Every structure is written in C-alpha cells, then in structure tokens.
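Inspection log for the structure reproduced underneath, given as structure tokens.
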Amino acid sequence: MILATSSYLDLLGKIEKREARAGVIGLGYVGLPLAMTLARSGFAVIGFDIDPGKIIALDAQRSYIEAVSNEALTSEVAAGRFRSTSDFTGLGACDVIIICVPTPLTKHRDPDLSYVEATSRAIAATLRTGQLVVLESTTYPGTTDDVVRPILEEGGLKSGSDFFLGFSPEREDPGNRDFDTATIPKIVAGDGEEARKLMMAFYGAAVKSVVPVSSNATAEAVKLTENIFRAVNIALVNELKTLYAAMGIDIWEVIEAAKTKPFGYMPFYPGPGLGGHCIPIDPFYLTWKSREYELPTRFIELAGEINSAMPRYVVGSLAEALDMRLGKALSRSRVLVIGLAYKKNVPDIRESPSLRLIEIIEERGGHADFHDPFVAEVPSTREHMALKGRRSVELTEETVKSYDALLVATDHDRVDYAALARWSPLIIDTRNIFARLGLSGGHIVKS
Ligand SMILES: NC(=O)c1ccc[n+]([C@@H]2O[C@H](COP(=O)([O-])OP(=O)(O)OC[C@H]3O[C@@H](n4cnc5c(N)ncnc54)[C@H](O)[C@@H]3O)[C@@H](O)[C@H]2O)c1
C-alpha cells in the first residue's frame, strides 16, 4: 500500500472542515457563479480577475451575471466568504485555485491557450506545497497535463506529490432556471489518485453530485463530447430544415411529432446559426488536436460548415419573402432584427448569428437595425467592429411600422410578439415563436 502524502492529508482535512481557502481566477459566466456556489457551501473564496471594471462592480456588490443576484453576492460578502481583487499575490494563500479564463480560437481557428498559460504562470509565481490547482476552462484532451502542469512544475515542485492538479469541466447553461452550478453533476478528475480524491472531496462539498473519471484528459474529452454532440445535432436539423422547406414540410411540426417517440430520439431545434462561447468554438479544439493523430474530425467540420451557412440561408429567405410578398428588393428594404443575443433571455452576444445577419443584410444593400431587451448597445467584438456602438431600437408601433420586415433571430420572453404580428407587414421567424404562441398569418414566414 502506498502511504498518503502529508500534503494530501493536510489539504483533505482542510476541505472536510471547510477551512480550505479557494481562489477562483476569471470571474465571468463560469467563474462568478462557481465562486458563489463555493462560498455558499462554506469555503472562504477570493475571486481574481484582470478586468478592473468587474472588480469595481463586485466591490459595489453589483453582479453583471444574470445567474448571480445582487442579493446573493451581498450575502456572501457580508458573511465574509467572498471578496474579489486584481492583485494576484494573494494566490499563494489559497489552498484550492480554480482557473475559469477564456479559451477562444485564434483568427486561424486554432486553440488560443494564451489566457490559460498566463494564468498558470501567475499561479506558478506563488505555488506552494499542498495546493490543489484546477482547470475548468473548456479545452482539448491533454491541456491540463501537457500545458498547465509543465508551467506549474517550472519552479521545482512536482504534481501529485508536492501540489495537486485536476480538471473539472463547467457545464453551465446560461438562462436555464432548472439547473445551476450546484445541481448539475460535476465531472472531476486528477493527475494521480490523491489529486482525484481531493477533487471529489472539494467539489463534493459544494455540488449535489460528482462524477469521477480516470484522468484529466478523459474529463476534458467529456466536455468536448457533450458540445460536439450538440453542434452535430443542431447541424442535422438545420440541414433537414432547408430540405423540408423546399419540400413544403414544416421542420417544427416534424420535430414536435418525432419527439413523442418515448425512446431513441431527442429533439434539437433549427435556428439562424450557432452562437455563444461554447458550441461554435469548442469542437474545433478537438479538430486541431486530431491533426496530431492524422485522424480528421469530419463530423465536426461538416457540422461547422452547415451551421455557419445558416445566416446566409436565412437572409436568402428574407430576400425571397420581401420580393414575393411585398414586391421589394432587399437592397431597398429596412429590416429590424429581433434579438441580438445568441440565445433567449441572456445578454450574451458572443458569436451570435444576429451579428452576421445584420452584416449580410447590409452587404446585400439593405438597412438593418436590431432590438434586444438585454443588449442596449453593440460592444467591441473581435470580428464585428463595424457594428460597435449601434443601439437597440425601441419596439413601438411607429418604429415597427417603419421597417419593411422583422427578422426574429432570438425568442426572448420579454418581447410582445402579438403586437409585432399586428404591426409588421412581414416577419421572418427562425425560432417558430409565433406558431408556438398560436399567432399565425400569411405575413409570418418560417426560416
Ligand atoms: N459561458 C458558458 O456558458 C460556459 C459554459 C461551459 C464552459 N465554459 C468555458 O469556461 C471558460 C470561461 O468562460 P466564460 O464564459 O466564463 O468566459 P468570460 O469571458 O465570461 O469570463 C472570463 C473571465 O476571465 C477573465 N480573465 C481573462 N484573462 C485572465 C487572466 N489572465 N487572469 C484573470 N482573469 C482573466 C476575464 O476578464 C473574464 O472576466 C471558457 O473556457 C469557456 O469555454 C463557458
């Protein structure tokens, strides 16, 4: 039998007594809700972020994440269980450090691990015996052990004996009121048996159930598999949508009927294209890694191709409907895009297809504005700088009537669709929201 190391036993004891101090690096959509969940379960948590705006907001007990209320934030601060800072020297005092920084793609669609590497270097600067370091950012299998570990070991401490290293993917679903960080089962893994047991003890203290797997690479693969599954299935219904439309069959009616099958079918819904920080990006982390093994990921590439062709397909339907129903060319039309966020009831516009829809309408000579109850103004984005500063248009009868068509890209609940159906001469609906609300008419066209 191998004797447990004293650093392992010390940390396990601190976790069990809730005396372990946790540091969460990156206080965005993933990091802030996680920090709150850990604080609520009794750990003292310090949040670290390089964005001074976020630290100022948190100091004022103002949450910028829908899933975290100001009251929840205030109560953890008042209890002395949460504070935030951009001073990273405090990392050395944390017993468990969790990395929740972005993992985007570069311009050439390769993994951009620069945030993970910079964070690993910041941790390495104060790394000490007995710390558990966890990566939560989504990435390709091998990142934790092959990229993070060597940076942490540069100072001479060894993973598995001096410090511990784990991976636990975040499965947050923004806007989903049925599940949150604490109630979604948490996949955990570690570099070695002690790291894995520490991961189970730490997350087990904060979430309802933990699902241990045998290695960090396996846990990394679990997350990618979940997101690839979504990307591929969404591509499949998007492809079927275009074919069924040409055949005069309504894909939404097909899905409603198909999902009555009690086994072997799971509904996925078509839309104007993929959005968000996860589904359009994560699958390509695996595509990049697969080149090393000379094994192409054809499903992923094909799904990407179909999904990224959707905004152009939808604008094609818009142009056809303008022509056939109003006798107007898109190039002489004013279009209001409803919903800039990539999914309903959230303010997140990262990779949102609505941005592409506006660009394509304007490339074709039309005029496009947007309305979004959650997005007042288009912020800086890497790929759509020309749209920066455009503001959401109010939905009054007068403004709606000043547009030739509405293009519903996101089905936010806070929109009065019945009023839109009355006021607008032409509506292109990519979410089937009008039919779902029992609103119909010859001027509402599904796409
Ligand atoms: N948003 C989701 O729903 C979701 C779901 C599952 C997984 N993920 C993954 O989680 C990770 C984080 O995503 P997110 O949506 O929370 O991103 P985000 O952009 O909302 O938040 C990331 C935060 O990290 C901060 N940051 C960047 N570099 C830093 C550094 N060097 N040190 C400290 N802070 C730094 C940023 O200022 C930002 O506040 C990504 O890998 C993402 O793929 C996200």
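Any read-out appearing in this document is the output of simple, stated calculations on the displayed coordinates, not a laboratory observation. None of these values were measured; they are calculated from a predicted model. So basically every Cβ, Gly included, is an ideal-geometry build from the backbone, and we count neighbours across all protein chains shown.
If you look at the Cα atoms of the chain, you get an Rg and a Dmax of 24.0, 81 Å.
Seen from every direction in turn and averaged, the convex hull around the alpha carbons of the stretch 1-121 projects onto 9.8 nm². Counting only alpha carbon atoms, the long axis of helix 353-363 and the longest principal axis of the chain meet at about 40°. Taking label points 7 Å from Cα along the Cα-to-Cβ direction, GLU301 and GLU363 give a separation of 2.2 nm. Every helix of 4 or more DSSP H residues in the chain counts as -39500 (n - 2.57), and over all residues that averages to -11500 deg cm²/dmol at 222 nm. Just to confirm the number: angle between the C-alpha axis of helix 193-204 and the first principal axis of the chain, 0 to 90 degrees, nearest 10? The two axes meet at around 60 degrees. The calculated Kirkwood hydrodynamic radius for the stretch 188-345 is 19.0 Å, given to one decimal from all distinct C-alpha pairs.
Express as a percent, rounded to the nearest 5, the fraction of DSSP beta bridges in the stretch 2-221 (both residues included) that run antiparallel. Mind dumping the intermediate values first?
On the way: 3 of 28 bridges.
The answer is about 10 percent antiparallel.
Diagonalise the Cα gyration tensor of the stretch 2-221 and give the resulting equivalent ellipsoid semi-axes, square root of 5 times each eigenvalue, largest first, whole Å.
On the way: eigenvalues 118, 80, 63 Å².
For the stretch 2-221, the ellipsoid semi-axes come out as 24, 20, 18 Å.
Look at the Cα gyration tensor of the stretch 303-447: its axes a ≥ b ≥ c give a/c under 1.5, and that counts as rounded.
Helix 298-321 and the long axis of the chain differ in direction by around 30°, with both axes built from C-alpha atoms.
More than 14 Å apart: what percent of Cα pairs in the stretch 296-353 qualify? Let's see the in-between values first.
Values: 1127 of 1653 pairs.
Beyond 14 Å sits 68 percent of the P(r) for the stretch 296-353.
Exposure proxy check: ASP348, ASP191 ranked by fewest other beta carbons within 10 Å? Present the calculation step by step, with values, prior to reporting the outcome.
Values: ASP348 20, ASP191 23.
Neighbour counts put them in this order, fewest first: ASP348, ASP191.
Order the peptides 303-315, 255-267, 101-113 from the highest to the lowest mean number of other Cβ atoms within 10 Å of their residues.
Values: 303-315: 20.2, 255-267: 9.8, 101-113: 15.8.
Highest-to-lowest ranking by the protection proxy: 303-315, 101-113, 255-267.
Working out 0.36 nm times the residue gap between LYS17 and HIS443, then minus their Cα-Cα distance, what length gain in nm do you get to one decimal? Each step should come with its number before you reach the end.
On the way: separation 426, 0.36 × 426 = 153.36 nm, distance 6.33 nm.
Gain on extension, LYS17 to HIS443, equals 147.0 nm.
So which of LYS158/LYS223; LYS223/LYS259; LYS241/LYS401; LYS241/LYS261 end up more than 22 Å apart by C-alpha? Result: LYS158/LYS223; LYS223/LYS259; LYS241/LYS401 exceed 22 Å.
Using DSSP, restrict attention to beta bridges with both residues in the chain and report what percent are antiparallel, rounded to the nearest 5. Can you show the working numbers first?
Values: 4 of 44 bridges.
Antiparallel bridges: around 10 percent, rounded to the nearest 5.
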